[in-house]
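Below: one structure, written as C-alpha cells.
No value in this document is a laboratory result; all are computed from the given coordinates. Since we're looking at a predicted model, the values are computed, not measured. Every residue, glycine among them, receives a Cβ derived from its backbone with ideal geometry; neighbour counts consider all protein chains shown.
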Amino acid sequence: YFYGTFPEDFTWGVSSSAYQTEGGWDADGKGPSIWDNFTHVPGNINNNDTGDIACDSYNKVEEDIYLLRALGVKNYRFSLSWSRIFPSGRNNSINSHGVGYYNRLIDGLVANNITPIVTLYHWDLPQALQDIGGWESSVLIDLFDSFADFCFQTFGDRVKFWITFNEPQVIAWAGYGTGVFPPNVNDPGTAPYRVAHILLKAHAKVYHTYDDKYRASQGGVIALCPNIDWVEPKTPSNPRDIEAADRSLQFLVGWFTHPIFKNGDYPEVMKWKVGNRSELQNLPSSRLPVFTAEEREYIRGTADVFCFNTYTSKIVTHGTTRLRPFSYEYDQEVITEVDSSWPSSAIPNHRAVAWGLRRVLNWIKEEYGNPPIYIIENGVGIKTKSDVDDNARIFYYKTYIDEALKAYKLDGVNLRGYNAWSFMDNFEWLDGYDPRFGLYQVDFANPSRPRTPKRSAVYYAEIIRNNGIPLPKEDE
C-alpha cells in the first residue's frame with residue numbers, strides 16, 4: 001500500500017448521466033429519446049424498469065447540489081439530454097424549460113465552486129434523429145454540431161470542460177454490433193465501423209466549432225471519453241499474447257484515440273486485420289472505412305486532454321477466430337477471460353482488479369506521449385436493495401485510488417483528476433435498478449426518491465479533503 005497525495009490542483013468529482021438520473025422523461029415539452037422508447041417495451045429491461053422517473057434529479061436541483069457540497073467535490077460530471085433541449089433533435093425546436101433546467105444546475109454548481117464537466121452525448125439520441133438513420137447517417141454530423149454549438153453558446157460562459165461522446169465504442173458496438181442497446185441494430189461486421197467513422201467526424205467537427213468560435217472567449221477544454229478495460233497478456237513471456245493484448249487495446253481504445261491523439265487515422269493493426277480478413281471474406285474492400293487525407297488532418301489533435309472511464313480488467317491470449325459471420329469481435333483474433341479469484345460485482349464482467357488501473361494509466365502515458373489524463377468514471381456496482389454499509393465499495397475505491405496514486409507519484413503519469421461513478425444509485429441501463437453504484441443510496445420505492453449517504457460517501461469525502469491518502473499521523 002502506498003501513501004501520498006495528489007498535486008495541489010487535482011480535481012476530485014463524481015459522475016452521472018442524464019437518462020440514468022434525471023427522470024422527467026416527458027416533462028415540460030421534452031421529446032422522446034431512443035432510451036425512453038426502448039425501456040417502454042416490456043421485457044427489454046430487467047424488472048421492466050425505466051428511466052421515466054429515475055432519481056428525479058429533474059426536480060431536485062437544489063438537493064443534488066447540497067449533496068455534492070457535502071462530499072466536497074471539486075467537479076460534477078453530468079450529461080445533457082439532447083431531446084430535452086431540442087425535442088425534435090434540431091435547433092428549430094428549442095425547449096426553454098430544458099434550457100432553464102440546465103441553467104439552474106450549472107449556476108448552482110458554479111455558485112458552490114463546483115466545476116461542471118458536461119457531456120454532450122451519453123447515449124440518449126432523440127428518437128426523431130433515429131428515425132432518419134441515427135448514427136449510421138452522416139446527416140447527424142451537422143445535427144450534432146448544431147446541438148453542440150447551441151450548448152457552447154448557451155452554457156459555455158460557465159462550462160469550461162466539455163466531453164463530446166461518452167464511450168463511443170459502446171455506442172458503436174452495443175448499439176449497432178450486438179444490438180443489445182438501442183437502436184438495436186445487429187450487424188457486427190460492418191455497422192460498428194461505419195458508425196465509429198461518423199462519430200469521429202462528428203467529434204472533430206464539434207471540436208473545431210469550439211476552437212473556431214468559442215475557445216478564445218470561453219477558454220475551456222474539450223475531449224471525448226472512451227471506456228478502457230486493462231487487458232493483461234495471459235503469458236507475459238509469450239510474444240503472441242503480448243501482441244494480442246496490444247491488439248485488443250487498439251481495437252477497444254485506439255479505434256477512437258489513435259486518430260485523435262496520433263495521426264488522424266485508425267491503428268495500423270486494425271487496418272491490417274480488418275483489411276486482411278475482408279480480403280479473405282472475398283469482399284471488394286475493407287469493412288473498415290478509409291479517411292481521406294483532409295479528414296485525417298481534420299481529426300488529428302481534436303482533444304485537449306485524455307478522458308476515460310474504467311471499471312475492470314481482462315486476460316487475453318491470441319486466438320484463431322472464424323471468418324464468418326463478419327464481426328468486429330472476431331476481427332481482433334483474441335480470446336478473453338478473467339481470473340476467477342478477482343472479486344465479482346453486480347455486473348458479471350466488472351471484476352475488481354485495482355492493479356489494472358495503474359497499468360492502463362501507464363499504457364496511455366506511453367502510447368500517447370503522457371497527455372493530461374482525467375479518470376471520468378470508476379466505481380463498483382453491488383446488487384442489493386440497501387448498501388449503506390458498503391465496505392466492499394470502500395475497499396474498491398481505496399485500492400483503485402491507491403493505484404492511481406502510484407501511477408502519478410512513482411510512474412510520472414500526468415494524472416489531473418479522478419471521478420467516482422456514481423454520484424448516486426441510478427438506472428443502470430439493461431440491468432435496471434439492481435446494481436447500485438452510488439455514493440448516495442436512492443430509495444426507488446419511495447415516490448420522493450430520498451437520498452442517504454453511504455459509508456463510501458464519507459470515505460470518499462475524506463480522500464478529497466486529504467487530496468489523496470496521506471500517511472496516517474501516527475506512522476509519520
In the structure shown, of 273/398; 160/473; 160/383; 205/398; 234/273; 271/409, the pairs separated by more than 32 angstrom at the C-alpha atoms are 273/398; 160/473; 160/383; 205/398; 271/409
Karplus couplings for the stretch 264-274 from phi (6.51 cos²θ - 1.76 cosθ + 1.60, θ = phi - 60°), rounded to Hz, Gly and Pro as x?
-> x, 9, 5, x, 3, 5, 5, 4, 5, 5, 5
What net charge is computed for the residues neighbouring residue 333, neighbours being all others with C-beta under 11 Å from the C-beta of residue 333, Lys and Arg scored +1, Asp and Glu -1?
-> +2
If you line up the Cα atoms of the stretch 1-128 on their principal axes, what length do they span on each, largest first, in Å?
-> 49, 34, 23
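Shape call for the stretch 365-476 from the C-alpha gyration tensor, a ≥ b ≥ c root eigenvalues: rounded (a/c under 1.5), prolate (a/b greater than b/c) or oblate? Intermediate values should be presented prior to the final figure.
On the way: a/c = 2.78, a/b = 1.61, b/c = 1.73.
Oblate shape, in that a/c is at least 1.5 and b/c is the bigger or equal ratio.
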Can you give the extra length, in nm with one decimal, that the chain gains between residue 37 and residue 338 once fully stretched, where that is 0.36 nm per residue apart less the Cα-Cα distance?
-> 104.9 nm
With the radius of gyration and the Kirkwood radius both derived from the Cα set of the chain, what is their ratio Rg to Rh?
-> 0.94
Just subtract the alpha-carbon distance of residue 3 and residue 66 from 0.36 nm times their residue separation and send over the number in nm, one decimal.
-> 19.6 nm
If amide H atoms are modeled at 1.01 Å from N in the peptide plane, then the residues at a separation of 5 or more from residue 224, or on another chain, having amide H under 5 Å from its own are 164, 307
Starting from the stretch 378-476, pick out the chymotrypsin sites (Phe, Trp or Tyr not before Pro) whose DSSP state is loop and whose Cβ has at most 15 other Cβ atoms within 10 Å.
-> none
FRET efficiency estimate (nearest 0.05) - Cβ-Cβ, residue 46 to residue 452, R0 25 angstrom = 0.65
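Rounded to the nearest 5, what is the percent of antiparallel bridges among the DSSP beta bridges in the stretch 4-469?
25 percent
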How large is ³J(HN,Hα) for each residue in the stretch 196-205, as worked out from phi by the Karplus curve 6.51 cos²θ - 1.76 cosθ + 1.60 (θ = phi - 60°), to whole Hz, x for Gly and Pro?
-> 4, 4, 6, 4, 5, 5, 5, 4, 4, 4
Two-site label geometry, residue 150 and residue 180: point separation in nm, points 7 Å out along Cα→Cβ | 3.3 nm
In whole Hz, what ³J(HN,Hα) sequence does the stretch 396-411 give by Karplus (6.51, -1.76, 1.60; θ = phi - 60°), x for Gly and Pro?
-> 4, 5, 4, 6, 5, 5, 5, 5, 5, 5, 4, 4, 6, 6, 8, 9
Starting from the amide H of residue 14, placed 1.01 Å from N in the peptide plane, find each other amide H under 5 Å away whose residue is 5 or more places distant or on another chain.
-> 75, 77, 420
Which residues' amide hydrogens lie under 5 Å from the amide hydrogen of residue 30, considering only partners 5 or more residues apart or on another chain, with H built in the peptide plane?
-> none
Round to a whole angstrom and tell me the spacing of the C-alpha centers of the stretch 153-230 and the stretch 310-376.
-> 21 Å
